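Please read through the structure below; I'll follow up with questions.
The values are calculated or read from the model by the stated rules, or taken from the named source; none is laboratory data. The shown structure was predicted, so the numbers you read here are calculated from the model rather than taken from an experiment. Note that we place each Cβ from the backbone using ideal geometry, even for glycine, and neighbour counts take in every protein chain shown.
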Amino acid sequence: MINVRVQLPGKATQKIFDEALTFLARDAPPVPGFRKSKGGKTSNIPSSILLQMLGKSRVTKFVLQEILTITIEEFIKKENLKVNPEIRTTQTESEMESVFTPGSAFVFNVILQLEKSDSDEDSEEQSDSSE
């Protein structure tokens, strides 16, 4: 098991927030006064209206899930680790939600459960047989 502290700069949190809001807006109902643009894409609705319409909590939860998924996948790939797919944070969802602000730096801690590799199992078997 390893503990990982993740620090994201404000630029990254804003980028992920904007992308998530755009993604969620695609399925949002039409907003009076704003036409859908050609190709069925969402019109240029101000983010404050989208946020109010979709619900700040829903958007924030979606953004936090994206942040967790993206950052941990990158870390696992970079470090070439084999981990249990279940990701646990030391903070609760509500704690993370209360401190998250798009455009501000965001810090959280993750606990990763390493999976045993074949070589680990072989060495355990060898030590068992030598006893």
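Take the residues in the stretch 80-119 that are closer than 20 Å to Ala12 by Cα and small (Gly, Ala, Ser), then tell me which one is surrounded by the most Cβ atoms within 10 Å (Cβ to Cβ).
Gly103
Are any residues in the stretch 17-43 at pLDDT 75 or above and surrounded by 12 or more Cβ atoms within 10 Å (Cβ to Cβ), and if so, which ones?
Phe17, Asp18, Glu19, Ala20, Leu21, Thr22, Phe23, Leu24, Ala25
Here's another thing I want to ask about it. Looking only at the stretch 72-89, count how many residues are part of a helix (DSSP H, G or I) and either free of Cβ contacts under 8 Å to residues at least 60 places away in the same chain or more than 16 Å from Phe108 (Cα to Cα) (or both).
Filtering the stretch 72-89 for residues part of a helix (DSSP H, G or I) gives 72-79.
Retained after the next criterion (residues that are either free of Cβ contacts under 8 Å to residues at least 60 places away in the same chain or more than 16 Å from Phe108 (Cα to Cα) (or both)): 73-74, 76-79.
Count: 6.
Can I ask one more? Among what's in the stretch 100-119 and is modelled with pLDDT of 90 or more and outside any loop (DSSP other than H, G, I, E, B), pick the residue that is nearest to Leu21 (Cα to Cα).
It comes out as Phe106.
Quick test for you: out of Glu95, Glu74, Glu66, Glu19, pick the one residue that is more than 14 Å from the chain's Cα centre (by Cα), within 29 Å of Leu112 (Cα to Cα) and acidic (Asp, Glu).
Values: Glu74 fails: more than 14 Å from the chain's Cα centre (by Cα); Glu66 fails: more than 14 Å from the chain's Cα centre (by Cα); Glu19 fails: more than 14 Å from the chain's Cα centre (by Cα).
On inspection, the qualifying residue turns out to be Glu95.
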